[in-house]
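Asks: Just dropping this structure here.
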Amino acid sequence: MPWLSILMGVPVVGALAVAAVPKGNDKLAKQLTLAVSLVVLALTLAMATQFDPSGARDQFSEVYSWIPSFGVHYAVAVDGIALVLIALAVVLVPIVVLASWHDADRPEAKRSVKTYFALILVLEAMMIGVFAATDIFLFYVFFEAMLIPMYFMIGSYGGAQRSYAAVKFLLYSLFGGLLMLVAVIALYVVADKGTFLQPELIGVIKDPATQKWLFLGFFIAFAVKAPLWPFHTWLPDAAAQAPAGAAVLLVGVLDKVGTYGMLRFCLELFPDAAKFFTPLVIALSVIGIVYGAIVAIGQTDMKRLIAYTSISHFGFITMGVFAMTADAGSGATLYMVNHGFSTGALFLLAGFLINRRGSQYIADYGGVQKVAPVLAGTFLVAGLSSLSLPGLSTFVSEFLVLIGTYERYIVPSIIALSGMVLAAVYILWMYQRMMTGPTAEKVKAFPDLNLREKVVVVPLLALLIGFGFFPKPLLDVINPAVQQTLTSVHVQPFTPAIPVTAEKKGAGQ
Amino acid sequence: MTTHYLVLSALLFAIGGVGVLVRRNAIVVFMCVELMLNACNLAFVTFARQHGNLEGQIIAFFVMIVAAAEVVVGLAIIVTIFRTRRSASVDDANLLKY
Amino acid sequence: MGETITFWVLAVVSVAAALGLVFSRKAVYSALMLGVVMLSLAVLYAVQDAPFLAVVQIIVYTGAVMMLFLFVLMLVGVDSSDSLVETIKGQRFWAVVAGLGFAVLLAAGIGNAVIGAPTGLSGAVSADGGNVPALARLIFTRYVFAFEVTSALLITAALGAMVLAHRERSEPKPTQKDLSRARFLSGHPSPLPGPGTYARHNAIDMPALLPDGTVSELSVNRVIARHDVADGHLPDNPRLAQAIRKVAEGAVRTEQPKVVQAVAEAPEVPATAQEKPKAAQAAGTRADGPVEEEGK
Amino acid sequence: METAAEIVQHSGGVIGVSWLTIVLPLLGAAILLLGGRRTDRWGHLLGVAMSLASFVVAVLVFVELLGFGPDQRRRVVELYDFLPGGTIDVKMGLLLDPLSISFALLITGVGSLIHIYSIGYMAHDPNRRRFFAYLNLFIAAMLLLVLADNYLGLYVGWEGVGLASYLLIGFWQHKPSAAAAAKKAFIVNRVGDMGLALGIFVIFTTFGTVAFGPVMSGVPQASQGTLTLIGLALLLGACGKSAQLPLQSWLLDAMEGPTPVSALIHAATMVTAGVYLVVRSGPIYVGAPTAALVVTIVGVATLLAGAIIGTAKDDIKKALAGSTMSQIGYMMLAAGLGPVGYAFAIAHLIAHGFFKASMFLGAGSVMHAMNDEVDMRKFGGLASKMKITWITFGLGYLAIIGFPLLSGYWTKDGIIETAMEHNPILGWLAVIGAGITGFYMSRLFFMTFHGKPRWEKDVHPHESPAVMTWPLIILSIGSVFGGGFLIAGNRFMEFLAPAVGRPEEMPSFHPFSVTGLATLALVAVGVAYAWMRYGRAEVPAVAPRGSFLTVFARRDLYGDAINEALFMRPGQWLTRLAVYFDNRGVDGLVNGLAALIGGTSGRLRRVQTGFVRSYALSIFFGAALLVGAWFVVGNL
């Protein structure tokens, strides 16, 4: 069964159907979108049950020749890493659809309501495609094509500064994408294998100098996408101007393509160059962690604040990817998923607040807890997941990243630890300013979360808490894939200084 | 003799070109273009005789037809522009700029 | 020998006419000069074994195309001569440089080329027994497709010209009744007061006095008033001078009734619109250019 | 010295379901939080029931544990595979040994009493249900902290109690001061948590596991430097949670929370987690004398600092908070002294849990009577109005100052004597601390219950309802007899030995040693001085300016000022700088580049004049150039 093609096909067909809904029947368009996204979710879950973590690396593989003269294939497959990221995307889409129920209705939106929902579905297909592609050319096509729906979602339905934000987002991403295109073509030419299939290109480039240049081409694209400091400034603008749902997809899934690409392409295709650049990347990541957190503390706009926290979190992810230990790799991959849920919840709740108050400024709120305790409570849980409180799944990933990094790079890991404290400062200070204290005059009439909003938030929080106590299902899928990645990078596995013998360990446990 | 015809053709072409560049009345500019086309035709006819081949004359014939069509459309455009702008100066139609 | 003489005579004539075409101030002269060039070229074609083309040149170019040019010139206005002041900086200088450079380069190139005696076309046409049958054979055999395409081009061009030049009437033509109604609605059913009526002057630039003694600002043509203000020819009487100034500034603007506006066909250019209210008051007497007439 | 007993894998029995102690209160919290307003009516009862049920399970586990021989009393119950990482593999399990079960009993026992007390104390609060949910959450997290069989589980509980503490300090969210205090507590604790996390990293990279058993058995092979690093990192964590110097500043602010919270979290249980951590990691500190020495120094410094702060506070809760700091300082000191001190540390911890909880609840009772007034200068002469509170508070007071044969006497003197043997300087400082304790506790007691009433108008003190006084009575019984029961005959020391290791020689108790007599004398002096100033003499209703020393103490030894100067202000400055840099520097660079390109194209745009003749000129030039080029190329 061509699972992945079906997964991509269903939302595309759905998008066409939604676009064909007659004008003025917005509700039907919304319901149709929700139904399609739920179907995709169900299909993905069905596929996930068939996934065998201990089996071959690439599963559900499909390879068809696309442009034979250049060796371009329509080739899709998933390993554990891609699977969880696809799962992240398809879980978030129905939630975003439901959360954005009225986001596109606003009078200042430039395009019709159904277009917004059709764009979400198109984006969903592309998100699945980009994670599933095993042909580098196909990956590149999805990588760039994803920009188009997102550009329109920001530029047509966003806030006051949406044009600026959308153009900035597009230009930044295109800049990185074009560098990557050069590297993709160069890789094809230098490798001289007549194919773009990623598995066949592993270990082909031997010359260190070539590796470094190609690595940089890919890496800068991914660093812009991720975004890694100092390529990050597009994110706060884009996230702050995008409607909440689009912001969730942007920060929650689209940006993960950057870190996923680092793991899948930068590390596997150019292992020597990756090792050469590791100190630089780790340094940038650590700067990003601390810097993003500090700048987040100073924000007055909550969406920008959340965006900056994401920059800090992306620092953790890239650090985990480039630490090249099994723990850090698993942690980074898990972090990608958890961050999607955590930041998704935060953005959506921020969106609900903004819908009520009509302002993104923290100073315009105060004492929300008193009038809308459920809203405040869920906001707190989402915030706590952002500061990686144990018991929430973000903690597991952050802990794995930090401990995995510590196995190889002690000082960066210790500096990154300070991100924990800073995270507490930015989240709790925001909570204090917005939710506690005397209730602000304009906040007094706030309704609490309605049923639709609860349905949006509850699954996210449930996932965060559930995987916080029991991350095994995800880790079991991720670990083998990360191991295989590290094998192709040829790194020494970590061994403790005084390994406690297995027998003792067993007895001790 | 052929050389003379060709030089004459080149001269007429250059004069037509200069005319296109210096005149502002669209109709005169158009006439200059016609002059250039005619200069080309002369060259074609000359080459036809030079090489003993009728193809040159055929192409000159087609040039004439196309030129006629061009004149018809071009003059219609000039008339339309004149109707809205009250001017036949090519410099006045300069909206398509920075 | 005959050909040499013909060539030199016609070469001098055609170059001179071409220069005349470029440099004559009036467009009509240019058109005539172009006619001269075309005729000369027709003769040169004939000399060069191309009798068919020579005839076509005269019929199509000198006959049809030149007439079209002249026709359009008449439409646009024969007397509209170009101002010879160059507005684009350096355009003229660089145009001449480019033209000379082009001519010199091309002429030098042709002069340098080694060209033998012409083959002549007698061989090519002998099989068909003449220039015209030979051309006809080629056109209707090898070039028949191009020929048909060209015919399509001509039809398209004709249609295009019609579309471009045609102007749709969006409202029915105003009847006598409409015009009359418009005239009464305008508030001035009577003819405009003639200049100088009840006045101490009867010059055309003096406003009329109405029976109640007030100054009628409507009685002075704005263009004339402007000239007066510009040249300082204002009457001593301050009331009259004031009225003329007001007219010149365009402060007096009578509202046109709707129908009249429709009749005036809402001119696209506001500048012309301002010229017209006076004329429009006379319901239908319009100062439109000849193109407008052609458009109907 | 004998090391701790081997850990035995266990399944079945009550111990096999010991996870119920954690799950029951967690369930309670979940029901109360998710149930919303529907559970308002019976929410508090459910909270109490869950806490009591947890206590019952703990008692049953304790009984079952006693059934084994002393060397068999360390049992691990494996629960599930928590973190199967690439290299790291953490299996979540519960470690039930004398140490952890002591804590579990204290937490669930005192916790249940405080739950009951809160029914009365929070009776009029509209959010009482939420309060009980948070209390249950706290109980669950704290139990996870002490029962987990590995450092990661401990860490989860560690931050869990931090969360509960945050929620409860900020329970009255509408008060900005409460919200700020809650945030401060969490952030300062996070600084400590950083240390704990670092300690776990070092432990994992050294031993390849984070489970207590294997780590402790691997300790002898580790280098002293590594162990010192681990010890100091863990100590940082302990300092954060236990409000030891230099991370003490949050505890005094934490008194913004409702009083039962102060009693349970910020006196009896959570703040003692640091002591638990140090004792649990005992072998590491034994292997790293430097780290152990730092622990004792931190302990002594804090016990003095807390005592000094306690002398000057007029807010009854803050005075008690200072005292808590100080008493935990004693425990830390003991914990730093090695296996000899562990038993005293834990015994003092338990005794302190009783008498401090009793006093906090007593203070709550007083506040309840005085319209939530906390300023002791507005109390006075309450003894006659609130008999039960007075007596129970008095017993707690006598216990804490070390009145002979009451709890504090046994446990604190034990600590002082052990410290004296270990290092006389530490010992004498501890003795001085005891003297100051005598003074400030007496001051508190006399100002509140004796002297002339200085009540505000419309205040009509009355005894609290039975639901509040019964817990007081039970707790005061514990504070009278607890210490003696544990210490006399080294009972507790023997009990703990399998878990923390047996010291080379059991301390013999000398009731009238030189140290003991000196301590008693100093305490007596402190009490007498307090009586003169606050019992007999008139207490001014407004605090006098006081000497430099008083101001120093009143300002928390300038702890907040130092934090503000060293961290907050530079932090704010750094934040502003970073935001500015981000907008103008990083983003400015990008926007500048965009502006540069935009400007350039703006200039280039001017070339497009719109004059068709200009374009024609360029075309003509191009044609001429082409012809020229053709000649050049053709002639080559």
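We did not get these values from a lab; they are worked out from the coordinates using the rules stated. Everything numeric in this text was worked out from a predicted model, so none of it was measured. With ideal geometry, Cβ positions are generated from the backbone for all residues, glycine too; neighbour counts draw on all protein chains shown.
Asks: Across every pair of different alpha-carbon atoms, what Kirkwood hydrodynamic radius in Å does the range A:391-441 reach?
Replies: Roughly 12.9 Å, rounded to one decimal.
Asks: Related question: Alpha carbon centre of the range A:98-162 versus the range B:33-69: separation in Å?
Replies: Cα centres, the range A:98-162 to the range B:33-69: 57 Å.
Asks: To the nearest 0.05, how large is the calculated FRET efficiency for D:Ala524 and D:Arg545 if R₀ is 30 Å and r is the Cβ-Cβ distance?
Replies: Approximately 0.55, to the nearest 0.05.
Asks: I've got another one for you. Which whole-number percent gives the relative contact order of the range A:1-269, counting Cα pairs below 8 Å spaced six or more residues apart?
Replies: Result for the range A:1-269 is 21 percent.
Asks: Averaged across the residues of D:192-204, what count of C-beta atoms belonging to other chains lies within 10 Å of each residue's C-beta?
Replies: 4
Asks: Share of Cα-Cα pairs in the range A:271-497 beyond 21 Å, in percent?
Replies: Counting pairs separated by more than 21 Å, the tail of P(r) holds 55 percent.
Asks: Ranked highest first by the average count of other Cβ atoms within 10 Å around their residues, in what order do A:213-224, A:371-382, A:27-38 fall?
Replies: Highest to lowest by the protection proxy: A:213-224, A:371-382, A:27-38.
Asks: Still on this structure, please answer the following. If a/c stays under 1.5 just call it rounded; otherwise compare a/b with b/c (prolate if a/b is bigger, oblate if not). Do that for the range D:373-498, with a ≥ b ≥ c from the square roots of the Cα gyration tensor eigenvalues.
Replies: The shape class here is oblate.
Asks: Follow-up question, since we're still on this one. Rounded to whole Å, give me the distance from the Cα center of the range A:373-412 to that of the range A:31-57.
Replies: So the separation of the two Cα centres works out to 27 Å.
Asks: Hey, another quick one. Once a ≥ b ≥ c are taken as the square roots of the eigenvalues of the Cα gyration tensor of chain A, is the result rounded (a/c under 1.5), prolate (a/b larger than b/c) or oblate (a/b not larger than b/c)?
Replies: Because a/c hits 1.5 or more and a/b fails to exceed b/c, chain A counts as oblate.
Asks: Using all Cα-Cα distances in the range D:547-636, what percent lands in each 10 angstrom bin from 0 up to the longest?
Replies: Calculated over all Cα pairs of the range D:547-636, the distribution is 13, 14, 14, 13, 11, 9, 8, 6, 5, 4, 1 percent.
Asks: Now, a different point. When the helices in the protein assembly as shown are scored as -39500 (n - 2.57) per DSSP H run of 4 or longer and the sum is shared across all residues, what 222 nm value do you end up with, to the nearest 500 deg cm²/dmol?
Replies: Theoretical 222 nm ellipticity from helices: -22500 deg cm²/dmol.
Asks: Here's a follow-up. Rounded to the nearest 0.05, what FRET efficiency do D:Ala123 and D:Lys387 give with R0 = 22 Å and r taken as the Cβ-Cβ distance? Could you check?
Replies: Taking R0 as 22 Å, the efficiency between D:Ala123 and D:Lys387 is 0.55.
Asks: Which of the pairs A:Lys110/A:Lys225; D:Lys183/D:Lys387; A:Lys30/A:Lys110; A:Lys370/D:Lys452; A:Lys256/A:Lys444 have their Cα atoms more than 29 Å apart in this structure?
Replies: Beyond 29 Å between Cα atoms: D:Lys183/D:Lys387; A:Lys370/D:Lys452; A:Lys256/A:Lys444.
Asks: Among D:Lys378, D:Lys412, which comes first, then next, by fewest other beta-carbon atoms within 10 Å?
Replies: Ascending Cβ contact count within 10 Å gives the list D:Lys378, D:Lys412.
Asks: Next question, about the same structure. Cut-off is 10 Å between beta-carbons; in what order do B:Ile65, A:Ile136, D:Ile139, C:Ile115 appear when sorted fewest neighbours first?
Replies: In order of increasing Cβ crowding within 10 Å: C:Ile115, B:Ile65, A:Ile136, D:Ile139.
Asks: Separate question: Subtracting the Cα-Cα distance from 0.36 nm times the residue separation, let me have the gained length for C:Ile115 to C:Val55 in nm, one decimal.
Replies: Taking 0.36 nm per residue and subtracting the Cα distance, the gain is 18.8 nm.
Asks: Follow-up. What percent of all Cα-Cα pairs in the range C:1-75 falls into each 10 Å bin, going from 0 up to the bin containing the maximum distance?
Replies: Taking all Cα pairs of the range C:1-75, the binned fractions are 21, 45, 28, 6, 0 percent.
Asks: Would you list D:Arg613, C:Arg137, D:Arg605 from fewest to most Cβ contacts within 10 Å?
Replies: In order of increasing Cβ crowding within 10 Å: D:Arg605, C:Arg137, D:Arg613.
Asks: For the range A:1-269, divide the Cα radius of gyration by the Kirkwood radius and give the resulting Rg/Rh value with two decimals.
Replies: Using Cα coordinates only, the ratio equals 0.98.
Asks: Would you list, by chain and number, the aspartates and glutamates whose Cα falls below 18 Å from the Cα of C:Lys26, excluding same-chain residues fewer than 8 positions away?
Replies: Straight-distance partners of C:Lys26: B:Glu34, B:Asp91, C:Asp79, C:Asp82, C:Glu86.
Asks: For the range B:2-93, state the average projected area of the convex hull of the C-alpha atoms over all orientations, rounded to one decimal in nm².
Replies: 5.8 nm²
Asks: Ranked highest first by the average count of other Cβ atoms within 10 Å around their residues, in what order do D:464-470, A:252-258, D:425-431 fall?
Replies: So the order, starting with the most tightly packed, is A:252-258, D:425-431, D:464-470.
Asks: Whole angstrom only: what separates the Cα centroid of the range A:435-452 from the Cα centroid of the range A:300-359?
Replies: If we compute the Cα centre of each part, the gap is 25 Å.
Asks: When the convex hull of the Cα atoms of the protein assembly as shown is projected onto a plane and the area is averaged over all directions, what value comes out in nm²?
Replies: Averaging across all directions leaves 81.6 nm² for the Cα convex hull.
Asks: Average partner chain C-beta neighbours within 10 Å, per residue of A:419-431?
Replies: Partner Cβ neighbours, averaged per residue: 5.
Asks: Next question, about the same structure. Once you place label points 7 Å from the Cα toward the Cβ at C:Thr156 and A:Leu171, how far apart are they in nm?
Replies: With each label placed 7 Å out from Cα toward Cβ, I get 4.0 nm.
Asks: Excluding same-chain residues fewer than 8 positions from A:Lys212, which lysines have a Cα within less than 17 Å of its Cα?
Replies: In chain and number order, the partners are A:Lys275.
Asks: Something else: Could you tell me which of the pairs A:Lys303/D:Lys184; B:Lys97/C:Lys89; D:Lys356/D:Lys412 are separated by over 19 angstrom between their Cα atoms in the structure shown?
Replies: Those over the limit are A:Lys303/D:Lys184.
Asks: Using mean Cβ contacts within 10 Å as the protection proxy, how do D:276-283, D:57-64, D:619-626 order, highest first?
Replies: D:276-283, D:57-64, D:619-626
Asks: Let me ask something else. Take chain D, compute every pairwise Cα distance, and split them into 10 Å bins from 0; I just need the percent in each bin.
Replies: Cα pair-distance distribution for chain D, in percent: 3, 16, 25, 24, 14, 5, 3, 2, 3, 3, 2, 1, 0.
Asks: In percent, what relative contact order does chain D have, based on Cα pairs under 8 Å that are 6 or more apart in sequence?
Replies: Once divided by the residue count of chain D, the mean separation gives 13 percent.
Asks: Oh, and also: Suppose R0 equals 60 Å; then what is the FRET efficiency for C:Val85 and C:Phe140 from their Cβ-Cβ distance, rounded to the nearest 0.05?
Replies: Efficiency, rounded to the nearest 0.05: 0.70.
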